[in-house]
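The block underneath contains the structure these notes are about, expressed in structure tokens.
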Amino acid sequence: MKLDSSIAAVVTGGASGLGEATAKELASQGVKVAIFDMQEEKGVKVAAEINGVFCNVNVADEDSVIAGLEKARAAHGQERICINCAGIGDAMKTASRKKDSDEIRAHAMDRYLRVLNVNLIGTFNVLSKSAAGMMSTDPMGDDGERGVIINTGSVAAQDGQIGQVAYSASKGGIVGMTLPIARDLSRDGIRCNTILPGIFETPLMMAAPQNVRDALGAMVPFPSRLGHPPEFGALARHICENTMLNGEVIRLDGAIRMQPR
């Protein structure tokens, strides 16, 4: 796909972190970007910086996604690129003993479902509706491409740590649906890939003390540091541009393999 002002994109979680970096990378190529996020102040600011449009969207809510897509398409036309970066985390063991007590508790189901609803269901909610819109467009180029979907998983999908059962399940689900989605949409020239980032300088990570960030960065074989969001954005851009990349899950992690804790 040739990236220029004729292409529209939707980036969820685009108000900060990996999503913001990706939105800015696409916009640098002239792509018209719609940011889906619930952080309105930040989202409006980023959208203004890239001459895009902000849509206040809860990805886990179907009506919210439909309204967001309607607003984005009214401003930019049908998106050819859908990049899902919106996500949340939580930490709770499958079952655990309360400290200094004989009390045993199971993982709270409301917390488990909340993570799955945003990360997994929310991702599918957006991409399926975006794909339906892409199918209505004319094919482009020699390959007849209509669009590309990029989802954000995590290395936790493959080596989740203690307490990451909900998060890992949500990201593992994204990995598991990548190939079937690519196959489902192949006859219509729509690709689907997933990026699994390692430890990156996201707002949540940057809130941690410097010594904690330094220790985490030292765990990465090479380069021994936290990932920079623009590096994620650069990979997302390459996936958009490289039509042969389809049905693939790509780790972007400096060769780290997470330990149990």
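Within segment 228-249, can one find any residue that is assigned to a strand (DSSP E or B), at pLDDT 95 or above and within 20 Å of Val11 (Cα to Cα)? Within segment 228-249 (the criterion being assigned to a strand (DSSP E or B), at pLDDT 95 or above and within 20 Å of Val11 (Cα to Cα)), the answer is yes, since at least one residue qualifies. Would it be correct to say that Lys42 is within 28 Å of Ala182 (Cα to Cα), of a type in the set (D, E, K, R), at pLDDT 95 or above and surrounded by fewer than 24 Cβ atoms within 10 Å (Cβ to Cβ)? Criteria not met by Lys42.
Contact annotation: residue pairs with Cβ atoms under 8 Å, 6 or more positions apart or on different chains, pairing a residue in segment 249-261 that is in contact (Cβ under 8 Å) with a residue 60 or more places away in the chain and under 22 Å from Asn84 (Cα atoms) with a partner that is surrounded by fewer than 18 Cβ atoms within 10 Å (Cβ to Cβ) and hydrophobic (A, V, I, L, M, F, W, C), are Val249/Val175; Asp253/Val220.
Within segment 108-149, the residues that satisfy the criterion of being part of a helix (DSSP H, G or I) and loosely packed, with under 15 Cβ neighbours inside 10 Å are Met109, Asp110, Arg111, Leu113, Ala132. Checked against the criterion of being free of Cβ contacts under 8 Å to residues at least 24 places away in the same chain, farther than 21 Å from Ala8 by Cα and not small (Gly, Ala, Ser), segment 200-207 has at least one qualifying residue. Those strands (runs of 3 or more DSSP E) of segment 1-100 in which at least 3 residues are in contact (Cβ under 8 Å) with a residue 12 or more places away in the chain and in contact with a helix residue (DSSP H, G or I) (Cβ under 9 Å, 6 or more places away or on another chain), considering only elements entirely within it, cover 8-12, 32-37, 53-56, 81-84.
The values are calculated or read from the model by the stated rules, or taken from the named source; none is laboratory data. Given the structure is predicted, the values throughout are model-derived calculations rather than measurements. No Cβ is skipped: glycine too gets one built from the backbone with ideal geometry, and neighbour counts run over all protein chains shown.
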